Structure formats: structure tokens, C-alpha cells
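Have a look at the structure below before the remarks.
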Amino acid sequence: MPRKDTAQVAIEGFDAMVTEAVKSRIEVSITEALAQDQEKLVASIVRAAMTGKVKSGYRDVPFIEKLATDAIHGAAKEAMTEWVKEAAPAIKAEIERQFGTAKFKKELATTMLKRLIDQTRTGYSVRVNFVEHSDE
């Protein structure tokens with residue numbers, strides 16, 4: 001609230017002029033600070049970026065830890081993908097062999113029956129179509 005014994009004088013453009021002057025002074029101060037010890041500043045920025053916390057799933061971890069974990073997971077995925085490609089014929093043969101066992105057939109039937117029963121308990125309708133296909 002202005003005092004009663006003071007006069008208020010409005011100078012057109014004064015607020016903009018003060019704002020620009022303050023902004024310029026801040027920019028100069030920042031530039032001077034940056035120029036004084038650039039190596040220390042760069043080290044500080046890098047340290048903050050590498051140790052700063054980031055979300056990884058449900059928890060916060062240092063960025064460098066997440067970066068390393070992601071790189072390791074990526075490399076492991078690539079290695080596993082390559083191994084599976086190389087082992088594909090053997091994997092396929094084993095799958096086909098296990099499909100033919102009585103134990104697999106019993107587990108498949110049990111699992112399918114359990115899922116059908118679970119679905120009927122929820123009140124949702126279930127449609128199952130068994131269609132015979134021939135290889136001809």
C-alpha cells in the first residue's frame with residue numbers, strides 16, 4: 001500500500017527497462033561465473049547427471065546404475081536371441097518330442113479344463129472351438 005505522503009510517478013516503459021537491465025546483469029554474472037572455472041563446472045555437471053536419481057521400475061536409482069543395467073540387459077538379450085537362433089532346430093525338435101508325451105498331454109488337458117472352469121466362474125461366456133486341420 002503506497003504511503004500517503006509520497007507521490008507516484010509512472011514512467012512509460014520503466015518496468016520493461018528495469019526488467020531488461022536485471023536480466024542483462026544476471027546473464028553477465030552467469031557468463032562470468034562460467035568462465036572462471038569451466039573444468040570444475042563441467043565436472044560438477046557431469047557428476048550431477050551421472051549420480052542423479054532416475055526411476056527404474058518402482059524405485060529411484062542413480063542414472064549410471066540404470067544405464068549400466070540397461071546396457072547389460074540389452075547385451076544379454078542380444079546374446080540370448082543369437083543363441084536361440086542357432087539352437088532353433090534342436091529347440092523345435094524337443095518341443096515336438098514333449099508335445100507327444102503322455103505327461104504333456106495330461107498337463108495340457110488339465111490346464112485347459114482349469115482355465116475353462118475359472119472362466120465360467122466369472123460369469124463371462126467362453127467359446128472354445130476345436131478344429132481339425134490336415135497337413136495335406
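Computed on the Cα trace of the chain, the radius of gyration divided by the Kirkwood hydrodynamic radius gives Rg/Rh = 1.42.
Between Leu116 and Ala79, the distance separating the two model label sites (each 7 Å from Cα on the Cα→Cβ line) works out to 4.4 nm.
Hey, if you put +1 on the Cβ of every Lys and Arg and -1 on every Asp and Glu Cβ in the chain, which of His73, Gly100, Met50 ends up farthest toward the positive end of that dipole? It is Gly100. By the count of neighbouring beta-carbon atoms within 10 Å, fewest first, Glu82, Glu39, Glu65 end up ordered Glu39, Glu82, Glu65. In this model, which of Lys55/Lys77; Lys40/Lys66; Lys92/Lys114; Lys85/Lys105; Lys55/Lys85 are farther than 29 Å apart at the alpha-carbon? Beyond 29 Å between Cα atoms: Lys55/Lys85.
Build a GNM of the chain with springs between Cα atoms under 10 Å apart, and of Thr51, Thr120, Thr81 the one that fluctuates most is Thr120. Each Lys and Arg adds +1 at its Cβ and each Asp and Glu adds -1 at its Cβ; summed about the Cα centre, the chain shows a dipole of about 940 debye. Could you work out the relative contact order of the chain? I mean the mean sequence separation of Cα pairs under 8 Å and 6+ apart, divided by the number of residues, in percent. It comes to 7 percent, rounded to a whole number.
Taking amide H as placed 1.01 Å from N in the peptide plane, the amide H of Ser56 sits under 5 Å from that of Val61, each at least 5 places away or on another chain.
No value in this document is a laboratory result; all are computed from the given coordinates. Remember, predicted model here, so these are calculated numbers, not experimental data. Note that we place each Cβ from the backbone using ideal geometry, even for glycine, and neighbour counts take in every protein chain shown.
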